[in-house]
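The values are calculated or read from the model by the stated rules, or taken from the named source; none is laboratory data. Source: prediction; values computed, not measured. Ideal geometry is used to build each Cβ from the backbone, glycine not excepted, and the neighbour counts take in all protein chains shown.
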Amino acid sequence: MTTQTGNDKDGVIIFDTTLRDGEQCPGATMTHEEKLEVAELLDEMGVDVIEAGFPIASEGDFAAVNEIAKRAKNAVICGLSRASPKDIDRCAEAIKPAQRSRIHTFISTSPVHMQFKLQKAPHEVLEMVTAQVTRARGHTDNVEWSAEDATRTEHDFLCRCVEAAIRAGATTINLPDTVGYITPEEYFTLFLMVMNRVPNASTVRFSTHCHNDLGLAVANSLAGVRAGARQIECTINGIGERAGNAALEEIVMAMKVRNDVLPYLTAIRSTMLTRASKLVSAVTSFPVQYNKAIVGRNAFAHESGIHQDGMLKHTQTYEIMTPESVGAKQSSLVMGKHSGRHAFVKKLEELGYKLGDNQLEDAFVRFKALADKKKHIYDEDIAALVDQEIAHAHDRIKMLSLTVIAGTMGPQTATLSLDIDGKHSTAQTVGNGPVDAIFKAIQELVPHEAKLELYQVHAVTEGLDAQAEVTVRLSNENCTVSAKGADPDTLVASAKAYIGALNRLLARSVRVVHSTEPPEVK
């Protein structure tokens with residue numbers, strides 16, 4: 001069994017689950033078009049296996065997995081399914097158009113999961129392992145089986161389940177640290193134990209899948225590889241359930257920078273890591289922490305005088321990798337209102353963006369408008385501007401104009417005009433402060449029952465003329481979504497963020513809305 005990167009001795013399969021496990025992160029829901037865009041970039045970047053979704057979960061998930069399967073050029077397209085025959089059959093139908101496909105099926109094996117979640121005895125679970133893998137194998141010769149909560153499973157029972165899965169035809173065995181509980185040394189020992197005890201273990205590929213509840217996901221994943229696993233399941237920016245998953249960018253660069261002690265290879269084009277990070281952050285509205293390893297804003301920033309002196313003399317004094325190796329740039333070149341279209345396009349390329357003609361034109365117009373308001377335009381300003389362009393390209397609700405009257409004399413009023421499915425509507429409202437007035441105007445134009453869970457403001461860059469970036473989180477009975485809005489005017493940014501969140505709720509709604517009616521969000 002070989003990989004795209006070499007033989008099993010040194011080649012590690014990168015299994016990206018951003019579109020499945022990553023999207024399960026509360027508020028990180030993506031639209032259909034956004035999923036396709038992320039999948040296209042992952043495929044281009046060299047990801048070996050793309051877990052495109054959970055087809056049985058919804059019609060939208062099925063459609064996204066099916067379309068990604070049709071479009072993929074290089075990657076294996078994988079769908080997730082539970083032990084249910086209906087799940088497996090639906091998954092097989094979704095991935096059928098792919099040039100190369102995989103069914104990933106799982107069942108819980110730990111005592112706590114079997115007792116309280118499945119409410120089944122161990123012998124029943126063991127029978128289900130054989131049944132689910134056999135059924136999946138009837139659809140494809142590429143079947144992955146996972147022992148959910150493997151790290152809290154009794155060793156004897158885990159070995160029996162793995163043996164049953166291999167006997168039924170599984171080609172990949174995943175031992176996930178589902179709740180982020182294990183330590184690297186324990187995970188290393190777990191893989192060695194299973195590989196040594198289970199008959200025919202050498203005929204399959206073993207996989208890691210680690211959550212970050214104790215901040216050990218990447219370390220645990222690498223420990224699993226050292227023990228013999230040759231697939232790592234991970235996500236861009238480490239997004240995922242609870243504290244997230246192992247971060248793809250950290251795993252790839254750990255192997256690349258420390259290949260002396262981690263002598264493994266991947267097919268990932270590391271120069272695309274920053275671009276992938278920015279795209280996933282934009283479509284999920286999940287900001288990347290400034291000090292995030294590899295792709296954070298400060299990953300290659302040096303403020304200390306001692307560090308700056310060392311960097312000026314030799315970059316390796318304080319940098320163990322180059323910004324270019326992950327697709328980032330060292331400098332933040334200042335752009336302003338005199339910058340032309342050519343310079344703007346070049347700057348976008350340097351930042352890792354590739355826009356269509358219409359998106360580029362809209363972004364350039366917004367850049368010029370921003371340059372008239374702001375003395376200096378930094379890389380972060382342009383990134384915030386373009387991220388909005390990407391994230392809101394398919395929005396049904398767009399802001400046309402906003403006028404706000406505020407101050408100590410009152411009353412605070414907002415006059416807002418929106419384009420709703422091509423129809424222009426205007427409302428004027430009074431509120432307890434300007435932001436409240438704006439949100440009431442949106443409520444009047446787009447009636448909804450969503451609850452505002454978070455309203456947060458921070459500056460994109462330094463200085464009195466810095467852009468404000470507002471994050472809004474809305475929730476209803478079905479889901480929770482977040483969106484960001486950036487503008488030199490904090491009130492405009494607030495309106496953009498709220499409208500962006502409403503658009504995300506609309507994208508998830510199953511209600512059919514006619515163009516003659518204002519959209520409704522339950």
| message | Pairs needed: first member in the stretch 30-55, of a type in the set (K, R); second member anywhere, in a loop (DSSP other than H, G, I, E, B) and modelled with pLDDT of 95 or more; C-beta distance under 6 Å; at least 6 residues apart or different chains. | response | K35/L19
| task | From the list E241, E249, pick out the single residue that is assigned to a helix (DSSP H, G or I), more than 12 Å from P184 (Cα to Cα) and within 13 Å of the chain's Cα centre (by Cα). | result | E249
| message | Just to be sure I understand, how many residues within the stretch 286-311 are at pLDDT 85 or above and among the polar types (S, T, N, Q)? | response | 2
| said: For the structure I just gave you, tell me whether I103 is among the aliphatic types (A, V, I, L, M), touching a Gly at 6+ places or on another chain (Cβ under 7 Å) and crowded, with 21+ Cβ neighbours inside 10 Å. | reply: yes
| message | Within the stretch 455-472, does at least one residue satisfy the condition of being in contact (Cβ under 8 Å) with a residue 40 or more places away in the chain, touching a Gly at 6+ places or on another chain (Cβ under 7 Å) and of a type in the set (S, T, Y)? | response | no
| request: Would you mind telling me which numbered condition in (1) in contact (Cβ under 8 Å) with a residue 40 or more places away in the chain; (2) surrounded by fewer than 24 Cβ atoms within 10 Å (Cβ to Cβ); (3) of a type in the set (D, E) E186 fails? | output: (1)
| task | Restricting attention to helices (runs of 4 or more DSSP H) lying wholly within the stretch 312-418, give those where 3 or more residues are modelled with pLDDT under 80 and surrounded by 18 or more Cβ atoms within 10 Å (Cβ to Cβ). | result | 379-391
| request: Could you pull out every one of the strands (runs of 3 or more DSSP E) wholly within the stretch 442-522 that has 2 or more residues that are more than 24 Å from D379 (Cβ to Cβ) and modelled with pLDDT of 90 or more? | output: 451-459, 468-475
| message | So E37 ticks every box in (1) within 21 Å of A247 (Cβ to Cβ); (2) touching a strand residue (DSSP E or B) at 6+ places or on another chain (Cβ under 6 Å) but one. Which box is left unticked? | response | (2)
| remark: Filtering the stretch 134-179 for residues that are over 20 Å from K117 (Cβ atoms) and either part of a loop (DSSP other than H, G, I, E, B) or touching a Cys at 6+ places or on another chain (Cβ under 9 Å) (or both) leaves a count of 10
| request: Go through the residues of the stretch 261-269 one by one and say whether even a single one is surrounded by 20 or more Cβ atoms within 10 Å (Cβ to Cβ) and farther than 30 Å from S482 by Cα. | output: yes
